[in-house]
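I have placed the structure first, in the form of structure tokens, so that the comments after it can refer back to it.
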Amino acid sequence: MRPAKETPALSLSAIIVAAGRGTRAGGDVPKQYRAVAGVPVLARTLARFAAHPIVDEVVVVIHPGDSALFAALPATEGRAKIRTVHGGATRAESVLAGVRASRADRVLVHDAARPFASPELIARVAEALGRGPAAAPALPVTDALWRGTEGLVLATAPRDGLFRAQTPQGFDRAALLAAHEARAMAGTGTAADDVEVALAAGIAVEIVAGEGDNFKITTPEDFARAERQVARGIMDVRTGNGFDVHRFADGRPLVLCGLEIPHDRGLEGHSDADVGLHAVTDAIYGALAEGDIGRHFPPSDAQWKGAASDIFLRHAAGRAVERGFAITAIDLTLICERPKIGPHAEAMRARLAEIADIETGRVSVKATTSERLGFTGREEGIAALASVTLVARG
Ligand code: MG
């Protein structure tokens, strides 16, 4: 019996066409560099593709005069996949430059001004490429269609079989390259999109379901619609929990929530053993699904010996910001018989808020005893339990 032959997975490039001047949308920079809810349209589009696990590389076709604007874009997830090429005078020339620069077997050509293509849509087009040489998303036309002139309806038009085309449009790279080169050679005028170029070359294009939200930003009104769409889509709310325990030891200062608290013993640990900060830090890493303190600051690494634990919390809070989240609540419970936490709780809240760089009103520090039961009841150590809430900034 022969072993089954493995088919290597075909690679996939996203080609983001961003060389246009976008004058219809108004503004003093091309529309793809204008912000929607604080983030430039192109950065939003790039993030969708660069973060997608089935996309191997992202080729951005930019205008030669836009290099500084491109360099000023905020970094996105998956940025190592992204590179740029310069576009030409027409959309077709720009796409051709992108297809030539691509190193993949298949390409998804996408308008920079469509920042809302969902991960599911990208996957749907790519999956259809497994069945044929080309696939593109579209929505059936549902409004009645008229032909008119000078404000008057001349006639109705049948809408059966009509679709509104979207991107990303997916192609076998070699087939699309040949189609564009043939068209460029023939000098056959402008094409509305790459499906038109493919059809002219006799390539069959499968229609996959498009999405209403995947609209192209063209007019000033479209920017307002995009802002509303972002506001609607920010419900990425995450919670995380953290739990930590350190045992008491003689001859060490007691550090809790970044403050030295008067007590006859301190806590034992590799760092300053600040059990409160450790629990909060782990809760943030948990909400981000980024492991725990030990992963980011290995105890085997001598540089963290005796370290003040505020560096751990600062790092976790910084990661939340980098990932686009605001920390909206921290709730910490310290479990011990002694020292009494109540007299220090307000100062601890203020210190935690300062380290995490959020308002004190979003930080809670409370304490409980364990009724003299268990290790905390026997005053062998202190336990800490934390919950945090993160909300995406849109
Ligand atoms: Mg700890």
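The values are calculated or read from the model by the stated rules, or taken from the named source; none is laboratory data. Being a predicted model, the structure only gives us computed values, none of them experimental. Please note: Cβ atoms are built from the backbone with ideal geometry, for glycine as well, and neighbour counts cover all protein chains shown. Ligands, DNA and RNA are stripped out before the accessible areas are found, and what is left, the full protein with its side chains, is counted by its heavy atoms. Shrake-Rupley method; radii C 1.70, N 1.55, O 1.52, S 1.80 Å.
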| field | Contour excess over end-to-end distance, with Cα ends at GLN229 and ALA123 and 0.36 nm allotted per residue | value | 36.0 nm
| query | Which order do peptides 58-71, 363-376, 138-151, 180-193 fall in by mean Cβ count within 10 Å, highest first? | reply | 58-71, 363-376, 180-193, 138-151
| remark: Inter-part gap, Cα centre of segment 250-275 to Cα centre of segment 38-81, in whole angstrom, is 46 Å
| note | So, with points 7 Å from each Cα along the Cβ direction, the ALA302-ARG378 label distance in nm works out to 3.5 nm
| Considering only protein heavy atoms, what per residue accessible area in square angstrom results for the chain with a 1.4 angstrom probe? | 50 Å²
| task | Let me have the 222 nm mean residue ellipticity of the chain computed from DSSP H runs of 4+ only, each contributing -39500 (n - 2.57), with the sum over all residues rounded to the nearest 500. | result | -8500 deg cm²/dmol
| For a paramagnetic label modelled at 7 Å from the Cα of ALA209 toward its Cβ, which residues of segment 122-141 fall within the zone defined by backbone nitrogen distances under 17 Å? | 122-129, 136-141
| remark: Checked segment 12-232 against the a/c 1.5 cut and the a/b vs b/c comparison, axes a ≥ b ≥ c from its Cα gyration tensor; verdict rounded
| Cα gyration tensor of the chain, axes a ≥ b ≥ c as square roots of the eigenvalues: rounded (a/c below 1.5), prolate (a/b > b/c) or oblate? | prolate
| query | Where nothing but the Cβ of Lys and Arg (+1) and of Asp and Glu (-1) is charged, how large is the charge dipole of segment 90-151 around its Cα centre, in debye to the nearest 20? | reply | 260 debye
| remark: Residues meeting the amide H criterion for THR84 (H placed from the backbone, H to H distance under 5 Å, 5 or more places apart or on another chain) are VAL60
| task | Pull out the extension gain between THR360 and ALA72, defined as 0.36 nm times the separation in residues minus the alpha carbon to alpha carbon distance; nm, one decimal. | result | 100.4 nm
| query | Under the definition of Cα pairs under 8 Å and six or more residues apart, what whole-number percent is the relative contact order of segment 269-394? | reply | 33 percent
| Got the relative contact order for the chain handy, in percent, Cα pairs under 8 Å and 6 or more residues apart? | 14 percent
| field | Within the chain: Cβ-based charge dipole about Cα centre, in debye rounded to nearest 20 (Lys, Arg +1; Asp, Glu -1) | value | 700 debye
| Relative contact order (percent) for segment 233-289, with alpha-carbon contacts under 8 angstrom and 6 or more residues of separation? | 44 percent
| Which order do peptides 30-43, 79-92 fall in by mean Cβ count within 10 Å, highest first? | 30-43, 79-92
| request: May I ask you to derive the FRET efficiency for ARG319 and THR90 from their Cβ-Cβ distance with R0 = 45 Å, giving the value to the nearest 0.05? | output: 0.55
| field | Lysine pairs in the chain with Cα atoms under 25 Å, if 8 or more residues apart or on separate chains | value | 4
| message | Taking θ = phi - 60°, what integer Hz values does the Karplus form 6.51 cos²θ - 1.76 cosθ + 1.60 yield along segment 152-168, in sequence order, with x for Gly and Pro? | response | 10, 7, 8, 6, 8, 10, x, 9, 4, x, 9, 10, 9, 7, 10, 10, x
| query | Carbon and sulfur: what percent of the chain's accessible surface (1.4 Å probe)? | reply | 54 percent
